[in-house]
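In what follows, a structure is listed as structure tokens, so that the remarks can point back to it.
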Amino acid sequence: MDTARLNLNELSPEELHTELSRFNLPGFRVRQIEKWLREGASFDEMTDLPLQLRSELKDYYSDGTLKIINKLTSKIDGTAKYLLDLGDGNIIECVLMKYKYGYSACVSTQAGCKMGCTFCASAKAGFGRDLTAAEIAGEIKVMSRDAGVNIGHVVMMGVGEPLDNYDNVVAFMRSAHDPEGLNISYRKMSLSTCGLIPGIEKLMKEDLPVTLSVSLHSPFQEERARMMPVAKKYSLDKLLEICKTFSLETGRRVTYEYAMISGVNDTDGHAAELVRLLGGTLCHINLIPVNTVSGTGYRRADRERIDRFRGLLEKGGLAATVRRAMGRDIEAACGQLRRKAMEDKSGQN
Ligand code: SF4
């Protein structure tokens, strides 16, 4: 993407009309351009526009399309992982998953992440910049066009901490919900945070009935702070307090993500503490059999252990499920492909 030119995808409908007025186009041409932009087409793909107009548009603007630099497709379940070029040296990744209920996109909200979770490949590859709302939407558009499918669900669980890029992420959710845009219902959007309390407080006040998903990973403050440095600033008790308020104020349950790491956070004691902390609250626990990330020393808990853990949570009255591992053969864990690409790139420099 040419970052020096104005990206037409970043404009509101009113701003777009004002910009295009310089070409004195009839209304139907403006509507054609709007439609193509909504679909994430490049200027070259806007085949029903005269060549001359396409060339003029290119002279003035960027079409904001993200370039696919690599794509891996799982032979096991069809999950496709995309490595995308933002056009300014930054690389992100996103994933397209097929479920019984339809297609779901897992999108990145930042090029890299500052949060430093010890089990995460994104943290190890460094931080580039925040993504704009149009770039986040662009991930969905590029996957939808490439695979020829309609994407009805989105999880903000890729590279980056969404609440560390609050304004752009909220603008993305509002635009993605627009029936004239991606037309994704708020209830089919899920925002995942490592626990930035001020962001959760702000989100609670927005009129956005999306699912809040919180990466918990340990019910013990010290252990959690070792795995997730953010917990040193925003403690576990304060985090759980705001999550309880969130579900009471919004009437929606909070999902807690819990990566099952062998010998680290998968003991009966951990399950008992989760029951003590979360019992009686409106929540759901999503146990994640982690993908092994090289350089972290963490290993996936075995299936028997995960099933026992879930059984203990359920016995304690908590709703818990084990997330189906998608794309196990294509390194689908957060940030692994990007990390490798960044390492390859720095190796070339
Ligand atoms: S797990 Fe999420 S918040 Fe933590 S470092 Fe990785 S991308 Fe950032």
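Failed condition for GLU34, given (1) in contact with a helix residue (DSSP H, G or I) (Cβ under 8 Å, 6 or more places away or on another chain); (2) surrounded by 15 or more Cβ atoms within 10 Å (Cβ to Cβ); (3) in a strand (DSSP E or B), with all others met?
It fails just one condition, (3).
Hey, among GLU257, GLU249, which residue is open to solvent by less than 70 Å² (accessible area, probe 1.4 Å) and in contact (Cβ under 8 Å) with a residue 24 or more places away in the chain? Step through it out loud before you land on a result.
Working: GLU249 fails: open to solvent by less than 70 Å² (accessible area, probe 1.4 Å).
Criteria check complete, one pass: GLU257.
Output the residue which, of all residues in segment 70-94 that are farther than 19 Å from ALA121 by Cα and of a type in the set (A, V, I, L, M, F, W, C), is surrounded by the most Cβ atoms within 10 Å (Cβ to Cβ).
Looking at residues that are farther than 19 Å from ALA121 by Cα and of a type in the set (A, V, I, L, M, F, W, C), I get LEU86.
Going by what's in this entry, would THR118 be described as open to solvent by less than 20 Å² (accessible area, probe 1.4 Å), more than 17 Å from GLY181 (Cα to Cα), within 11 Å of the ligand (Cβ to nearest atom) and not hydrophobic (A, V, I, L, M, F, W, C)?
For THR118, the condition - open to solvent by less than 20 Å² (accessible area, probe 1.4 Å), more than 17 Å from GLY181 (Cα to Cα), within 11 Å of the ligand (Cβ to nearest atom) and not hydrophobic (A, V, I, L, M, F, W, C) - is not met.
Quick check: anything in segment 100-107 open to solvent by 30 Å² or more (accessible area, probe 1.4 Å) and either within 11 Å of the ligand (Cβ to nearest atom) or not in a loop (DSSP other than H, G, I, E, B) (or both)? Working first, answer last.
Taking segment 100-107 as the starting set, the residues that turn out to be open to solvent by 30 Å² or more (accessible area, probe 1.4 Å) are 100-101, 103.
After this cut, where a residue has to be either within 11 Å of the ligand (Cβ to nearest atom) or not in a loop (DSSP other than H, G, I, E, B) (or both) as well, the list is 103.
The answer is yes; a qualifying residue exists.
Kindly indicate whether any position in segment 147-169 is within 16 Å of the ligand (Cβ to nearest atom), out of contact with any Ser or Thr (no Cβ under 9 Å at 6 or more places or on another chain) and closer than 24 Å to ASN7 by Cβ.
Scanning segment 147-169 turns up at least one residue that is within 16 Å of the ligand (Cβ to nearest atom), out of contact with any Ser or Thr (no Cβ under 9 Å at 6 or more places or on another chain) and closer than 24 Å to ASN7 by Cβ.
Taking the criterion of being at pLDDT below 95, under 20 Å from LEU66 (Cβ atoms) and either in the same structural domain as VAL254 (by TED's automatic domain parsing) or open to solvent by 50 Å² or more (accessible area, probe 1.4 Å) (or both), would at least one residue in segment 203-214 satisfy it?
no
THR193 is checked against (1) away from the ligand (no atom under 16 Å from the Cβ); (2) open to solvent by less than 30 Å² (accessible area, probe 1.4 Å) and fails just one. What number does that condition carry?
In the conditions (1) away from the ligand (no atom under 16 Å from the Cβ); (2) open to solvent by less than 30 Å² (accessible area, probe 1.4 Å), THR193 misses (1) alone.
Within segment 227-273, which residues are hydrophobic (A, V, I, L, M, F, W, C) and within 12 Å of LEU196 (Cα to Cα)?
Narrowing segment 227-273 to residues hydrophobic (A, V, I, L, M, F, W, C): 227-228, 230-231, 236, 239-240, 242-243, 246, 248, 254, 259-261, 264, 271-272.
Scanning segment 227-273 gives MET228, VAL230, ALA231, LEU236, LEU239, LEU240, ILE242, CYS243.
The values are calculated or read from the model by the stated rules, or taken from the named source; none is laboratory data. Everything quoted here is computed from the prediction, not taken from an experiment. No Cβ is skipped: glycine too gets one built from the backbone with ideal geometry, and neighbour counts run over all protein chains shown. For accessibility, only protein heavy atoms count, side chains too; no ligands or nucleic acids. Shrake-Rupley method; radii C 1.70, N 1.55, O 1.52, S 1.80 Å.
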